[in-house]
Each structure stands twice: as structure tokens, then as C-alpha cells.
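Below is one structure, written out as C-alpha cells; the observations come after it.
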Amino acid sequence: MTQLVFIHGPGAGGCAQAYRHQLEHFKGSIAPNLPGHLSGRSCSGVEAYTEWLRGWLWAQGHRSDLVLVGFTLGALMALQFGLDYPEEVKGLVLMTAAMRPKGIKPEVFANRLRAAEDPATLEGWLDTMRSAMNYIDPVFREELIVWHRKVGPRSQYDDLKMMEEFDVRDRIGTLKPRLLLIQGMDRHVAPGDFEGEIHRAVPGSSLLSLPKSGHFPMAEQPVVVNRAIEEFMAKLD
């Protein structure tokens, strides 16, 4: 039986709450809060997070027929999982994903560290999060800001650093699970065609580009994204 798993990243609240629309729509789907987000310590890198996720899934009896859906860090974890354990993965849905470093500016990292120590900088960081979520419904956006305040900027710093260290260009052509990429066309941070690069490197993959969507398509256009996931899963059976 197919098991749908949603994996969050450092934005859109920095926890599983980012997938509220999906968890309500897809009955039986699951979404962990990653270590270092709300509780625990961050893992040392994407590979370590992937191993943590696999252990979390195995502990619940989910060892095959997985459909992994992720954005940013969650997308990289899903991609790593699909490369390392293709026999356990039925399909991947990746949003705001890259197979290589995006070239994040040093000031972005420095800002997160300052925000973790200085209350004024923290409020500025939260305003930056609001701006990044400008396509999300305002009520939901403010709910996610509350979660960002709880998770904190240091967690985001850790996530961004490990995302910049992720590079699977030498392996991407070996990816076996079916792949759907969802790309927000109107993002203002790292706006490169990173999903397109993966799409061109993986034969048989699909790419859905969404206007009026930025870094978090699942929260910005939940109806469209949910339908795309449903159609993708129907093709897996």
C-alpha cells in the first residue's frame, strides 16, 4: 500500500505545519517534524537527515511503496532517499529543489545567526519570512510565522548551510523512482531554474511550473498542488 510522506524545510514555518492543506486532504499521509525544528538537535547534513527519516519510517512499519514529497531541505532529503534506497521509494514530488549549491550569499547566513541573538534582528528576520510567503493566504501565513518564532532562526541557519553543501550532480542520472518537480515561477531568493536542471537530467521526469507561486507551492496553491500529487500517484499504480 502506498504511503505518502511530506517532508518540510526551513521555510513556511520550519515544521510539518507547512503541509496543513495536504495532511487534511490526503487521509493517512504523514509528516514528521525534523530534529532541530521545535525539539532536538539538527542533523549534520542532508544524508544524516535522510537516515533519520528512514529510521523514523521503519519504526512505524513504512519500509516500501513510499511517495516522498518535500520542499527545499525536505526535497533534498527525498532526492537523497530515492538515490540511496530506490527499492523503498515509489515516487518523488520535489518542490523548490536543487541538485547542487544555489550560491546563497554569506549575509543570509550571518543574518540568521544575528537573529538568534538579537530581538530586533529576530523581528526583521520574521518580516523576511513574511515576504517570502507573500503568496500564502494571510491568515495561514501568520500562523506559520508563529511556528517560525518557535523553531527559530538558528535552525534555519543549520538547514541552509547543509543545503548549500548538497551536490548530487554526479548521481542524478541514476535516479530510479518516478519524479514530479513543482517549480514556483515567482520566487525572489535563488530564482534560478534549478528544478529544470533536474528535469533535464532525469529521463521521464515531469515538471510543473506555477505562476504566482514562490518557494512554497504546497501552501501557496494547495488545490493545484494536491491535484498534481493525486494525478502523479494515479500514474504510479
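Okay, here's what the table says:
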item	result
Matching residues, region 3-28, being touching a residue at least 40 places away in the same chain (Cβ under 8 Å), on the phi < 0 side of the Ramachandran plot and among the aliphatic types (A, V, I, L, M)	Leu4, Val5, Ile7, Ala18
Test set (1) more than 27 Å from Glu47 (Cβ to Cβ); (2) touching a His at 6+ places or on another chain (Cβ under 7 Å) - Ile145 fails condition number	(2)
Residue satisfying condition, being in a helix (DSSP H, G or I), surrounded by fewer than 18 Cβ atoms within 10 Å (Cβ to Cβ), in contact with a Phe, Trp or Tyr (Cβ under 9 Å, 6 or more places away or on another chain) and modelled with pLDDT of 95 or more, within set Leu53, Leu23, Leu79	Leu23
Hey, Leu66 hydrophobic (A, V, I, L, M, F, W, C), under 23 Å from Ile198 (Cα atoms) and within 14 Å of the chain's Cα centre (by Cα) or not	no
Condition check for Leu79: in contact with a Gly (Cβ under 7 Å, 6 or more places away or on another chain) and among the aliphatic types (A, V, I, L, M)	no
Scope region 155-183; condition assigned to a loop (DSSP other than H, G, I, E, B) and closer than 28 Å to Pro106 by Cα; matching residues	Phe166, Asp167, Val168, Arg169, Asp170, Arg171
Selection status of Pro211, without any contact (Cβ under 8 Å) to a residue 40 or more places away in the chain and surrounded by fewer than 22 Cβ atoms within 10 Å (Cβ to Cβ)	yes
Test set (1) more than 21 Å from Gly173 (Cβ to Cβ); (2) out of contact with any helix residue (DSSP H, G or I) (no Cβ under 7 Å at 6 or more places or on another chain); (3) at pLDDT 95 or above - Pro86 fails condition number	(1)
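The values are calculated or read from the model by the stated rules, or taken from the named source; none is laboratory data. Since we're looking at a predicted model, the values are computed, not measured. Cβ: placed from backbone, ideal geometry, glycine included. Neighbour counts: every protein chain shown.
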